[in-house]
Number of protein chains: 4
Amino acid sequence: MKDPSLPKKIAVIGGDLRQLESAGAFAERGYLVSVYGLDVLPDTPFSPNLQKADTLKDALALADLVLLPLPYSYNGEKLNAPLSLKPIAVSELLAHLSRSQKIAAGLLGESLPDGFSVYDYAASEVFATKNARATVEGAIAIAIRESAITVCQSRAIVTGYGRIGKMLAKTLCDLGATVTVIARSSRDRAWAWAEGFDAYGFHALPELVANTDFLFNTVPGEVITREVIEHIRPDTTVIELASLPGGMDLRAADECGIRVISALGLPGKYSPKTAGRIIADCVFEAFGL
Amino acid sequence: MKDPSLPKKIAVIGGDLRQLESAGAFAERGYLVSVYGLDVLPDTPFSPNLQKADTLKDALALADLVLLPLPYSYNGEKLNAPLSLKPIAVSELLAHLSRSQKIAAGLLGESLPDGFSVYDYAASEVFATKNARATVEGAIAIAIRESAITVCQSRAIVTGYGRIGKMLAKTLCDLGATVTVIARSSRDRAWAWAEGFDAYGFHALPELVANTDFLFNTVPGEVITREVIEHIRPDTTVIELASLPGGMDLRAADECGIRVISALGLPGKYSPKTAGRIIADCVFEAFGL
Amino acid sequence: MKDPSLPKKIAVIGGDLRQLESAGAFAERGYLVSVYGLDVLPDTPFSPNLQKADTLKDALALADLVLLPLPYSYNGEKLNAPLSLKPIAVSELLAHLSRSQKIAAGLLGESLPDGFSVYDYAASEVFATKNARATVEGAIAIAIRESAITVCQSRAIVTGYGRIGKMLAKTLCDLGATVTVIARSSRDRAWAWAEGFDAYGFHALPELVANTDFLFNTVPGEVITREVIEHIRPDTTVIELASLPGGMDLRAADECGIRVISALGLPGKYSPKTAGRIIADCVFEAFGL
Amino acid sequence: MKDPSLPKKIAVIGGDLRQLESAGAFAERGYLVSVYGLDVLPDTPFSPNLQKADTLKDALALADLVLLPLPYSYNGEKLNAPLSLKPIAVSELLAHLSRSQKIAAGLLGESLPDGFSVYDYAASEVFATKNARATVEGAIAIAIRESAITVCQSRAIVTGYGRIGKMLAKTLCDLGATVTVIARSSRDRAWAWAEGFDAYGFHALPELVANTDFLFNTVPGEVITREVIEHIRPDTTVIELASLPGGMDLRAADECGIRVISALGLPGKYSPKTAGRIIADCVFEAFGL
């Protein structure tokens, strides 16, 4: 049933546990997978379908599709390959890549330097939505561990009501917290109402934070202002989920003695296998595999 | 604190229990409310703020804002006023309306015949989102009543994963059903995955319906085709939630002996007071009341 | 694997849709089932394993196990057989029953008049626990239908925290209500706390009912006293789930204009097939089928 | 309204963050509280009502009620006082205690050596039930952290369906897992059915564990036998919640390369403040405070 024009061989270069798991998912679907730069892995279930290549060149040879890390590179010079025994230069990678090869990478807004055509899996909605669940689980684990109280019978505020905000509010409620949602748009507040929550605009936040046990921010863009922070109790557990630079006035937090727990990259930290499967799902869908 | 340019007097003309409840909500906020065409109401809590007018003209006199029914009219001739002792002609209404009055009505795609400027509360996202919750509750009540089995331990399929689909799937799951979501877009299926559901495209539906106890359709546009219907078991409870003409091949259903329960207008039927409050919320927001 | 001493033939005499469904469950497990007194059933899926008997005597002949209705009889004279074309006298039934036959019946505290040994399926914990779920679903359907508001964003009180109270409180919460539990024992209140609810003793009820949209009673024994009822708002939806005589001072309710919705026998009314499967499950377990 | 015979002064001797929090709860209710052996606490919110005593004798002087640790002592010689700068001998404590003082302690089956009458708060049902929620939260945090996958879309088995089993199964389900309950009694399995779960006896466990991502044991008494363990996949996250010696054949686990995560004392570790409040609640109730 597979289209003969579809990739038969996939190379996975660099990355972390997630990309290794993606490699496993490709192999399970019947593709030949060669990996390079995923060395520090004692128990990897290599199989006839899934093999380590000795060199970058070998790994890429004949590959129809190449999976690159997330992010692809932190500095544009070296590939992001924390599990590789030796560094992999971006220039070397590009030298071996062919323009006829399909490339999937987590670009985070960057592009490959010389115009290779790349599918940015980290920019897809499927990626963001499925990872939101992993983020929420990580946030819950942090909330349980970092606070001295149970989530059950606590009061929690969630700022922002996009993917993560929606899932987080519902999960906190399922755990027995009383949840208040803060959202800018009346549409989001209507949705929060329909899920059973109290919902307010940001103007209500200074007053509301004074009486909360947990504050989760999901909004990038400074919404947890100094005025808000001045009202937070020192024993409130404050968790920042928005991507950098986040949504909190960290200087004000510091001055007010409010500890902000920065919780970034939770899918990779708390659920690397699921996160790797999600990347594979995105690639499957993007290339019709 | 109220802006002097804001409405002080509101007229509510025709409609059903919902508009009466909206009138109550207006009165609670301190507006003077006069109603006309809401007669068959033995126990209405009229108050100094909320009064019946003797004539349409009296009701409209000096009103800054006029609330009209949902839908405004079924035929363009008579106002939709099922609780009125006598019919109210649209022409008479228009004759007494002034172009300086703000009008809120449920137009359902129609417009007022002569270009009055109208806020269509039924077209707002807040209206749709909050009513989705009422729709889901009605659908649950119907599912419990019309099936001979418990929702708990049943298998349920929800087609479509917009507002109603999302809330319905979650609620069925909370009741103990095993829920499968059918959605066209990979984004919606990703969201369903993140809520813990199995999710498929419509191609999987014929096979899946053969093994389901409940089938809820939320998609307008014929997605429950003859092929699907031919696979439905006669004891499956089939509930149509999409607005007319719905998403089911009703002729095929009839020929296959599949009973389709049409469930429309559930907010007005099952939760008229909440639905009336929702209309008031939309009006409050639209006019900054 | 079946013990040769186990029943091979099962007779189902009288009863309603539930017993008919039990008969179907027996047949599915491979027993020969003969039914009598279940006549008004156009579409019953009779099969080689499941047959109507022409006479009571034929139905009982050679049966190892006999399933009787719930309750067995309302007056001790006639079998409870609402679907039978003609009445079935208890005396006639007893005349044809042999003491060597195993009997399962819903006795509700009664016993068979002359000392036949009977397994009372309605007295088993499995029966009560599984039916509690069906009761809760019926209660939810009634609450949605009988109130003019959504359960979502409402305030609900549940009195009693046994099987039904626990399941009902959780379900109302899942639907978006704010739930308060009233229970006598500190153990039950601790459990309610652990599920995220506010919990109080009955002394707090008069004050709390004044501010509730729904009141569900699950406690037999008059806990909803006149004092409580005097505090209930007329628009509160009051649902009595406790078995007769219930837990409410109905005279006080009548005098105060509070409508009490009596909700009894919900499993048989709302989920007869599931209720019939539950009876079969109890019989399977009791007799090691 | 307080009975003059009730304690006016409470001494809290030794213990950890929980007992310190209990002390705070006592002070909030208006009792004079003196603590001893809770030294390593930089930020303790001492107040006029809540003070550190310089000596054990001072702390106990005039106290009507004495709160002791959980457990009271690990060896019968020294009080359990991990936050004390110097050890507190049980003999010294007993020398200063008067038989007229009311004592509350977590005995865990032990008794005070010389027959003082003690209320064992750790033996109360309220204590066990409320702590079950804290245990479940800790278990969830561990499951999220220790596995490489999300709980959402995973398969989880919970063995035992008492307090912890019930709450844990429901919470896992809310997080999007497919949950199977293993319980000995048909009553517990009926309850699990009514919550929407699949439920089996222990005979089904060997087959079921082969296909699970998480296994949580709540049953003390060896139910996770060698036979079961031999079927567990190496990547399954196995969490032991039953008190020592637990329910797992640890030698078999070791031999099969199955890592068992021992998760004991979770309330004190993950939610010490809530756990301290729970102790205070039990004491309030036991002594009618």
**Prompt:** Being closer than 14 Å to A:Ala23 by Cβ and either within 12 Å of another protein chain (Cβ to nearest Cβ) or open to solvent by 50 Å² or more (accessible area, probe 1.4 Å) (or both), is that true of even one residue in segment A:260-273?
**Reply:** yes
**strands (runs of 3 or more DSSP E) within segment A:1-112 that include 1 or more residues in contact (Cβ under 8 Å) with a residue 40 or more places away in the chain and open to solvent by less than 10 Å² (accessible area, probe 1.4 Å)** = A:9-13, A:65-67, A:102-105
**Message:** Here is a check on your reading of the model: is A:Lys170 crowded, with 22+ Cβ neighbours inside 10 Å and either of a type in the set (D, E, K, R) or free of Cβ contacts under 8 Å to residues at least 12 places away in the same chain (or both)?
**Reply:** no
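Could you pull out the residue among A:Ile232, A:Ile182, A:Ile239 that is open to solvent by less than 10 Å² (accessible area, probe 1.4 Å), more than 26 Å from B:Ser185 (Cβ to Cβ) and either at pLDDT below 95 or away from every other protein chain (no Cβ under 14 Å) (or both)? Break it down stepwise before answering.
Numbers: A:Ile232 fails: open to solvent by less than 10 Å² (accessible area, probe 1.4 Å); A:Ile239 fails: either at pLDDT below 95 or away from every other protein chain (no Cβ under 14 Å) (or both).
The conditions single out A:Ile182.
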**Prompt:** Does D:Ala143 count as among the small types (Gly, Ala, Ser), in contact with a helix residue (DSSP H, G or I) (Cβ under 7 Å, 6 or more places away or on another chain) and more than 14 Å from chain C (Cβ to nearest Cβ)?
**Reply:** no
**Message:** Return the pair list, or none, for Cβ contacts closer than 7 Å from residues in segment B:123-139 that are within 8 Å of chain A (Cβ to nearest Cβ) and in contact (Cβ under 8 Å) with a residue 24 or more places away in the chain to residues that are acidic (Asp, Glu) and open to solvent by 20 Å² or more (accessible area, probe 1.4 Å), at least 6 apart or on different chains.
**Reply:** B:Val126/B:Asp281; B:Val126/B:Glu285
**A:Gly162 being more than 12 Å from the chain's Cα centre (by Cα), of a type outside the set (A, V, I, L, M, F, W, C) and within 17 Å of A:Ser243 (Cα to Cα)** = yes
**Message:** Quick check on this structure: which one of B:Gly176, B:Gly201 is among the small types (Gly, Ala, Ser), farther than 30 Å from D:Trp191 by Cβ and at pLDDT 95 or above?
**Reply:** B:Gly201
**Request:** Within segment B:191-204, track down each residue that is over 27 Å from the mean Cα position of the chain (by Cα) and either within 10 Å of chain D (Cβ to nearest Cβ) or surrounded by 22 or more Cβ atoms within 10 Å (Cβ to Cβ) (or both).
**Result:** B:Trp193, B:Ala194, B:Gly196, B:Asp198
**Fill in**
Among residues of segment C:148-167 being away from every other protein chain (no Cβ under 11 Å) and open to solvent by 20 Å² or more (accessible area, probe 1.4 Å), the residue nearest to C:Pro206 (Cα to Cα) is C:Arg155
**Fill in**
The number of residues in segment D:128-147 that are of a type in the set (Asp, Glu) and open to solvent by 10 Å² or more (accessible area, probe 1.4 Å) is 1
**Request:** Report the residue count in segment B:113-127 for those that are surrounded by 21 or more Cβ atoms within 10 Å (Cβ to Cβ) and of a type in the set (Ser, Thr, Tyr).
**Result:** 2
**Asked** If only one of A:Ala95, A:Ala105, A:Ala89 is over 19 Å from A:Ile279 (Cβ atoms) and touching a strand residue (DSSP E or B) at 6+ places or on another chain (Cβ under 7 Å), which one is it?
**Response** A:Ala89
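The values are calculated or read from the model by the stated rules, or taken from the named source; none is laboratory data. Everything numeric in this text was worked out from a predicted model, so none of it was measured. Quick reminder, even Gly has a Cβ in these numbers, built from the backbone with ideal geometry, and neighbours come from all protein chains shown. Just so you know, the surface numbers come from the protein's heavy atoms only, side chains and all, with ligands and any DNA or RNA stripped out. Shrake-Rupley method; radii C 1.70, N 1.55, O 1.52, S 1.80 Å.
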